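Only one structure is covered here, and it is reproduced in the block below.
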Amino acid sequence: MNNYVPHASKLITTHPCFSKAAHNSFGRICLPVARDCNIQCGYCTRKCDCINESGHGLASRILSPTEALERVMSLTAQNHRISVICIAGPGDSLANETTFETLQSIYQQFPNLILCISTNGLMLHDRLEALVKVGVRALTITINAVTLKTAEKIYSRAFYHGKWFEGRAAADIILMKQWQGFLNAIDAGMIVKVNTVLIPEVNDQDITFIAEHAGHLGADAMHIVPLIPQGEFKHIKPPAEKEILKLREQCNRLIPQINYCKECGSNDCGIKVSADGTASPNCNAR
Ligand code: SF4
């Protein structure tokens, strides 16, 4: 087995979610192997894929680890620009053992692909060592709050170490574990992106603090995404595009902002190059 581990800067330039140049040149395959989730976000009904990462209202058919490996074999044979294999749901990647089974078998067969996960962060501190062992080098963590007061409005419960926590206790454990896991991932040398869902009148006051804190601690990028009003937050008007753009501009001095993601939810994989040579990213292959 080839144990080559690319340097972080190389990872960033070939990961379509971390750099604009890579976004137009490389593709990723997203494998829906992680069914369960361990927290409850106010904007999630669990009828679609994890809103934190996909946000498109798509509902993936769950693949077994064997089916996932077969999919990677088949798609990488057809498309040589795929650089990343990602597990982002449809629940939380770290709440499912199938995530680790899948990553391990892909790492053994495709050691040069970048393995990536997205998570709500609750189990990141606990599972970081296991992630490193199965070759994960890139990570997205969704952080929506810095204060307990805000977190309490967003998260109603959390399942941690065999026990459900509710209300303030849930918010407390989610916040604590997110930032702890985030730091551990940076220390482990992973490239780290923070996703933040902008929820008007719920967490607008926290966004620049998240950007400041994440940038200061060493995250590589931040993606501020608009709320999709559903679940408990179905009555909240989503932010206008200009609000998102303004906020990204404000936060860009604190941490590089992702502003090229079209959140396309495409079912294709890799990139498409049209006849005039223009590349259009199709970053999710479900
Ligand atoms: Fe839904 Fe939140 Fe769990 Fe994602 S982390 S599946 S948005 S409850």
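The values are calculated or read from the model by the stated rules, or taken from the named source; none is laboratory data. Since the model is a prediction, treat every value here as computed from it, not as a measurement. Every residue, glycine among them, receives a Cβ derived from its backbone with ideal geometry; neighbour counts consider all protein chains shown.
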(message) Among the residues that make up region 112-126, is at least one of them more than 18 Å from the chain's Cα centre (by Cα) and surrounded by fewer than 21 Cβ atoms within 10 Å (Cβ to Cβ)?
(response) yes
(request) Six or more apart or on different chains, Cβ under 8 Å: which pairs go from a residue in region 35-63 that's of a type in the set (Ser, Thr, Tyr) and more than 9 Å from the ligand (Cβ to nearest atom) to one that's assigned to a loop (DSSP other than H, G, I, E, B) and modelled with pLDDT of 90 or more? Could you list them? (result) Ser60/Pro32
(request) Only strands (runs of 3 or more DSSP E) wholly contained in region 159-260 count here; list those with 1 or more residues that are of a type in the set (Gly, Ala, Ser). (result) 221-226
(message) Looking only at region 146-158, how many residues end up being more than 13 Å from the ligand (Cβ to nearest atom) and either among the hydroxyl-bearing types (Ser, Thr, Tyr) or outside any helix (DSSP H, G or I) (or both)?
(response) 3
(request) Return a yes/no flag: does region 96-109 have any residue that is farther than 23 Å from Lys234 by Cα, touching a Phe, Trp or Tyr at 6+ places or on another chain (Cβ under 8 Å) and not hydroxyl-bearing (Ser, Thr, Tyr). (result) no
(message) With among the acidic types (Asp, Glu) and within 19 Å of the chain's Cα centre (by Cα) as the only criterion, which of Asp187, Asp206 stands out?
(response) Asp187
(message) Name the single residue that is nearest to Ile174 (Cα to Cα) among those in region 88-139 being among the hydroxyl-bearing types (Ser, Thr, Tyr) and assigned to a helix (DSSP H, G or I).
(response) Ser93
(request) Evaluate the following for Glu53: is it on the phi < 0 side of the Ramachandran plot and modelled with pLDDT of 90 or more? (result) no
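Residue-wise test of (1) farther than 23 Å from Gln40 by Cα; (2) polar (S, T, N, Q); (3) crowded, with 23+ Cβ neighbours inside 10 Å.
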site: Lys177; (1), (2), (3): no, no, no
site: Asp187; (1), (2), (3): yes, no, no
site: Val197; (1), (2), (3): no, no, yes
site: Glu201; (1), (2), (3): no, no, no
site: Gln205; (1), (2), (3): no, yes, no
site: Gly215; (1), (2), (3): yes, no, no
site: Ala219; (1), (2), (3): yes, no, yes
site: Pro226; (1), (2), (3): no, no, no
site: Pro229; (1), (2), (3): no, no, no
(request) Taking the residues in region 79-132 that are β-branched (Val, Ile, Thr) and in contact with a Cys (Cβ under 8 Å, 6 or more places away or on another chain) as candidates, determine which candidate is nearest to Val33 (Cα to Cα). (result) Ile87
(message) Suppose we filter region 79-111 for residues that are touching a Lys or Arg at 6+ places or on another chain (Cβ under 6 Å), within 16 Å of Leu69 (Cα to Cα) and within 16 Å of the ligand (Cβ to nearest atom); how many remain?
(response) 1
